[in-house]
Amino acid sequence: MWLPSALFVLLASSVRSSFYDNPELDPIPETGSPLDELKQKWDSDWSFTGISTFAHLRHVKCLTAPYEPFDIGIIGAPFDTAVSYRPGARFGPRSIRHASARQTPFRSFNHRAGINPYLSWPLILDCGDIPITPFDNALALHQMSTAFLELNSRRALSYSNPPSHKHPKLVTLGGDHSVALPALRALYHTYHQPIALLHFDAHLDTWHPSAYPSVWSDHPGSQDDFTHGTMFWIASQEGLIRNTSSVHAGLRTRLGGSDYDDYANDDTQGFLRIEADDIDELKPSGVADLIVNKIGTDVPVYLSLDIDVLDPGLAPGTGTPEPGGWTTRELIQILRGIEDLNLVGADVVEVAPAYDGSGEETALAAAQAVYEIVTSMVKRGLKERGEHDKVVKKTPGKEWLSSGLNGKGRKVLEEAKERVPGKDEL
């Protein structure tokens, strides 16, 4: 019975050989590598094709690939068993990756920054997800802390003299907000100093564990100290964050009790609080300036972005929504205004797709936030490397498009008319 099979294999091999040996049939030209030819034909994706990685970046399971160095890693932390209201953020990493599909290396030039972060100096990888148990929060915290430290302590691919280039930078896709605690622990041990925290959120997340009901902290084996509203209190107690240069931005939550004890407790941890409605007076640029002035541009900074900083009318897919939040446009403007910060890590968390709209509004906003954060990391890296010339200057003659008709706006409009003869209708 083996003879027909053997003859078939030999015949197939003969046909294949004659096909590639026949110059009239050979699809690969004599000059150039066959592999290069295949890549030119097939090694690309549309935004709606391909395996779902963040921005179509190359996927490497970084935790099991210590000999594949990188500069910036996108890593998922699918964990949501420390929430106080609606679960579902464990599906956030998958949702954010899916929503990032229109970010492709060939169409990701950031016009405000003058660079395409995916075609610039760093190697950016999608590092996959951290395997995290959903059954034991103490073990989950240990798993995340170990994973972040493993990756942060490695040497970056593009290592150079500035200390911020010595180690790779991670952008974490949450997961609930508690994932920020193990990330801060890893950064503290990596940089051997407290980290400034820039915290975008509707909530303080510096609550003492006793602020929650049904807390039995003295019960043997209790894990209820670790929640998505206490992790920065824990981080402060452990000395992980700077208590003179950290910021909350976008706050609008209700407080506990009948007074300002929550704020008094927050004050002891050294945070500057920017309320959501402060933006009415400050404008996005003012919020950004306030953040940069408080934190400074030299200290290492961890940016932690809870998607509920946005108004739930625009980003409903989250576990603890609060009315009255910022718009997506306002958040993007603020992120663009803080590009000079020395970001050593970041997260975008609390995306719970089960509550999102059919248009994936929340996940899209989260993916855009990651893009803006990565862009700022890359642009600062160019400056530190002395490669300012690789930042493309803005196209002249377009300033009038975004200018209001105040005195300055009228002047810019007149200058635009002079540059474009015959455009009196502007």
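Since every read-out is calculated from the coordinates, none of them should be taken as a lab result. The structure presented is a predicted model; accordingly, all values stated were derived computationally and were not measured. All Cβ positions, glycine included, derive from the backbone under ideal geometry; neighbour counts span all protein chains shown.
How much length, in nm to one decimal, is gained on full extension between Glu384 and Thr146, taken as 0.36 nm per residue of separation minus their Cα-Cα distance?
This chain segment gains 82.7 nm when fully extended.
Neighbouring Cβ atoms within 10 Å as the yardstick, rank Lys379, Lys166 fewest first.
Least to most surrounded, the residues fall as Lys166, Lys379.
Can you put Glu150, Glu372, Glu281 in order, fewest other beta carbons within 10 Å first?
Sorted ascending by nearby Cβ count, the order is Glu281, Glu150, Glu372.
Quickly work out the Asp43-to-Arg86 label distance, labels modelled 7 Å from Cα along the C-beta direction, and quote it in nm with one decimal.
Each label point lies 7 Å from its Cα, and together they span 4.3 nm.
Under a point spin-label approximation (7 Å from Cα along Cα-to-Cβ), what is the Ser52-Asp289 distance to one decimal in nm?
With each label placed 7 Å out from Cα toward Cβ, I get 4.2 nm.
If we count other beta carbons within 10 Å of each Cβ, what is the order of Leu35, Leu123, fewest first?
Leu35, Leu123
Please compute the length gained on full extension between Lys393 and Ser258, using 0.36 nm multiplied by the number of residues separating them and subtracting their Cα-Cα distance.
Gain on stretching Lys393 to Ser258: 43.3 nm.
Given H placed 1.01 Å from N in the peptide plane, which residues other than close sequence neighbours of Asp129 have an amide H under 5 Å from its amide H?
Distant-sequence amide H within range of Asp129: Gly76.
I want the local charge near Leu184. Using Cβ-Cβ distances under 13 Å, sum +1 for each Lys or Arg and -1 for each Asp or Glu among the other residues.
-1
Pairs Lys61/Lys394; Lys39/Lys61; Lys294/Lys390; Lys39/Lys390; Lys41/Lys166: which are spaced more than 32 Å apart, C-alpha to C-alpha?
Result: Lys61/Lys394; Lys41/Lys166 exceed 32 Å.
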